[in-house]
Structure formats: C-alpha cells, structure tokens
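Here the structure comes first, spelled out in structure tokens, and everything after it is commentary.
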Amino acid sequence: MTQENTDERPGIAAAIVVNEGRVLMVRRRVSEGQLSWQFPAGEIEPGEAREDAAVRETQEETGLTVAAVQLLGERIHPKTGRLMSYTACEVVDGTAHVADTEELAELSWVAHGEIPQYVPYGLFEPVQDYLNTALPS
C-alpha cells in the first residue's frame with residue numbers, strides 16, 4: 001500500500017499500547033476538533049516506517065519504550081482528514097508519564113469498558129476488534 005496523501009501532509013502513526021489489561025490513551029493540550037483523548041501518535045518522518053513512527057512517538061510523548069507487534073490498519077481519519085496508521089505495541093520498558101509536556105496534558109491506562117467515556121464517537125473498527133481481543137471485557 002502506498003502512502004499517497006492528497007494534502008501532501010505526512011501520515012500519522014498511532015500506537016495501540018496494551019499492558020496489564022488496559023490501553024494507553026493520552027489527552028492533548030490542544031484538542032483536534034472532537035479529538036481530546038487519543039492514542040499516542042505523531043507524524044511519520046520521511047523514510048520512516050509506520051510501525052517505527054508509532055514506537056518513536058510513544059517514547060517521545062510518554063517515556064515508554066514499546067515494540068511494534070502488528071500493523072492493525074490504515075484509514076483517512078473522518079474527523080481530521082489525515083492518513084492514519086494504527087500499530088499494536090507491547091511495553092518493553094519504562095513507566096508511562098507525560099514526557100512531552102508541550103503536547104500532552106495527561107495520560108491514562110483505560111479499561112475496555114471505559115473506552116467510550118474517552119472516545120464517545122467510537123474507534124476505527126480494526127482497532128476496536130484488536131482491543132476486544134486484547135483487553136478483558
């Protein structure tokens with residue numbers, strides 16, 4: 001699959017980090033429309049693989065070292081119009097904290113049943129399917 005993007009902006013890589021039965025979510029200092037809580041994510045740099053960008057952004061934003069496990073899917077985000085890729089990641093080392101205080105206001109480890117409180121408009125279907133399997137209901 002090519003990474004063509006009609007608006008010429010780089011794609012965004014998101015990390016779906018599951019640990020101890022919860023998924024990591026971050027709240028941006030500046031929300032993108034309705035997007036307040038989201039997964040650690042950021043722009044893919046030229047020549048960088050989507051999975052590597054997800055790992056890097058997680059480290060930069062939360063101080064957590066993660067490893068990419070599986071690319072879950074890509075889409076044009078319905079709220080932002082940006083090309084998004086979603087990568088399942090596992091924790092390798094560290095404790096999550098707000099490492100990038102300019103970008104993030106807070107973070108939370110969210111249980112399966114709490115996701116709709118953080119993301120009321122629902123998740124990208126392949127991400128939801130993954131979390132339905134990876135998290136206890």
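Scanning segment 28-52 for residues that are out of contact with any Ser or Thr (no Cβ under 8 Å at 6 or more places or on another chain), closer than 24 Å to GLU106 by Cβ, open to solvent by less than 50 Å² (accessible area, probe 1.4 Å) and aliphatic (A, V, I, L, M) yields a count of 1. Scanning segment 119-132 for residues being more than 13 Å from the chain's Cα centre (by Cα) and modelled with pLDDT under 95 gives a total of 3. For segment 88-103, filtering for residues that are open to solvent by less than 80 Å² (accessible area, probe 1.4 Å) and charged (D, E, K, R) leaves 1. Within segment 118-133, being closer than 19 Å to GLU74 by Cβ and of a type outside the set (Phe, Trp, Tyr) holds for VAL119, GLY122, LEU123, GLU125, PRO126, VAL127, GLN128, ASP129, LEU131. Filtered by the rule that a residue be at pLDDT 95 or above, out of contact with any helix residue (DSSP H, G or I) (no Cβ under 7 Å at 6 or more places or on another chain) and of a type in the set (Gly, Ala, Ser), segment 68-96 gives a lone residue, GLY94.
Within segment 68-87, identify whether any single residue is open to solvent by 30 Å² or more (accessible area, probe 1.4 Å), closer than 22 Å to GLU125 by Cα, among the small types (Gly, Ala, Ser) and within 15 Å of the chain's Cα centre (by Cα), and answer yes or no. Scanning segment 68-87 turns up at least one residue that is open to solvent by 30 Å² or more (accessible area, probe 1.4 Å), closer than 22 Å to GLU125 by Cα, among the small types (Gly, Ala, Ser) and within 15 Å of the chain's Cα centre (by Cα).
The values are calculated or read from the model by the stated rules, or taken from the named source; none is laboratory data. Because the structure is a prediction, the values reported are computed rather than measured. Neighbour counts are summed over all protein chains in view; Cβ atoms, including those assigned to glycine, are modelled from backbone coordinates with ideal geometry. In case anyone asks, the SASA skips ligands and DNA or RNA and just uses the protein heavy atoms, side chains included. Shrake-Rupley method; radii C 1.70, N 1.55, O 1.52, S 1.80 Å.
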